[in-house]
Amino acid sequence: MSEQFASDNYAGICPEVMASLTQANAGFAAAYGEDDWTARASDRFRQIFETDCEVFFVFNGTAANALAMAALCQSYHSIICHEVGHVATDECGAPEFFSNGSKLLTARGEQGKLTAAAIEALITKRSDIHYPKPKVVSLTQATEVGTLYSLAELQAIRTVADRHQLKIHMDGARFANAIAALAVSPADLTWRSGVDVLCFGGTKNGMALGEAILFFDRSLAEDFAYRCKQAGQLASKMRYISAQLLGLIETDAWLHNARHANRCAAYLAEKMTQFPNLPIMFPRQANAVFVKMPPPMIQQLHDRGWHFYTFIGADGARLMCSWNTTFERIDEFVADVKDVVAQTGLAQASRDSDTAASYATL
């Protein structure tokens, strides 16, 4: 399959990760995380984040998020997240399952972001024993609509969380893209801004599989290894996950890959501005571009072999860029968009009362 814009999951393994995997494949190594590769990757994470965090490795993001949140709360607690947050919309109930029933409480917020005020409103909505007690705030960085939490926004959320004794979990499936875009340190964007645990994404940034879970408050990681084992997330050949992550972070490929994906998305967003009837739905801040397209036009592009998701409604096309997206391929896609517009005039269908502004509160 040629390059597509459906997801950065479509991309293959980047060279740095493949090289690290090849090196790890030589000879024998201790099982279940007792190998040198896992120790080196863990130490490298501690250097990058400038703190003595606890580090765990799992196969995928669903397990990372669900197990991390389960460690922060009990079954009678609730987890506050955005209504389009990945943990609420795309985890098949895994957070509730692994926490033995902790309820997800969702809130709206502009550009896919929770606000301190929205969190406060949910916390104070009720305080009786019949209501699941709020215990965790889950943030997605970058968000599901490609936007970013600033340091000031994170610190405001931490203030509310401290007032009500809540923990903060960060879904960082695209954390690298956020760091590359904001040009801040990983420490500043996490524990210095009050994040208690981060799920650091690798699959969307050049790995075959694997994510890291970083507990900045080490006390929260008590017995976490047992959670991983019980959930089927303790890899016997752990070095094949940790070596991939080491290949990303030891060479700085995690940042190079993210910067490239972000640049490609910026280029794509700029190219799409030539179509005034196909508005950009959210600010392009990381590696995603959301474009409002009439469904018939989306079908025309799908018929031409282009793969992308209608992520926000039937007319919200999400175009994702990855570490190996090319500017040439973007030009080919834009040329097809231009051709479909010229041949059919389908873009005129976007001239209705449901404008891009209506999506701003998501």
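Derivation of every value follows stated rules applied to the coordinates shown; laboratory data play no part. Remember, it's a predicted structure, so these values are computed and weren't measured experimentally. No Cβ is skipped: glycine too gets one built from the backbone with ideal geometry, and neighbour counts run over all protein chains shown.
Miscellaneous remarks
- Top of 205, 177, 60 by mean-square fluctuation, Gaussian network on the chain, Cα under 10 Å: 60
- The range 157-289: C-alpha gyration tensor shape, a/c 1.5 cut-off, then a/b vs b/c: oblate
- Mean sequence separation of contacting Cα pairs (under 8 Å, at least six apart), scaled by the length of the range 254-359, corresponds to a relative contact order of 33 percent.
- Dipole magnitude for the range 1-85: about 100 debye, using +1 per Lys or Arg Cβ and -1 per Asp or Glu Cβ, origin at the Cα centre.
- Cα-based shape type of the chain, given that a ≥ b ≥ c are square roots of the gyration tensor eigenvalues and the cut on a/c is 1.5: oblate
- Pairwise label distance in nanometres, residue 229 with residue 9, each label 7 Å out on the Cα-Cβ vector: 2.9
- Our estimate of slack between residue 270 and residue 220, defined as 0.36 nm per intervening residue step minus the Cα-Cα distance, is 13.6 nm.
- Count of Lys pairs (Cα-Cα under 25 Å; at least 8 positions apart or interchain) in the chain: 27
- A dipole drawn for the range 241-331 from +1 and -1 charges on Cβ atoms has a positive end, and of 301, 314, 258 the residue lying farthest that way is 314.
- Cysteines of the chain lacking any other cysteine Cβ under 4.7 Å from their own Cβ: 14, 53, 73, 81, 92, 199, 228.
- Computed on the Cα atoms alone, the convex hull of the range 1-125 gives a volume of 180 cubic angstrom per residue.
- In plain terms, the chain from residue 128 to residue 151 could stretch by 5.0 nm, reckoned as 0.36 nm per residue minus the Cα-Cα distance.
- Stretch gain in nm, segment residue 336-residue 187, where the contour uses 0.36 nm per residue and the Cα spacing is subtracted: 49.4 nm
- Residue exposure proxy: 115, 190, ordered by other Cβ atoms within 10 angstrom of their Cβ from fewest to most, comes out as 115, 190.
- Cα-centred dipole magnitude for the range 14-252, charges only on beta-carbon of K, R (+1) and D, E (-1), debye, nearest 20: 460
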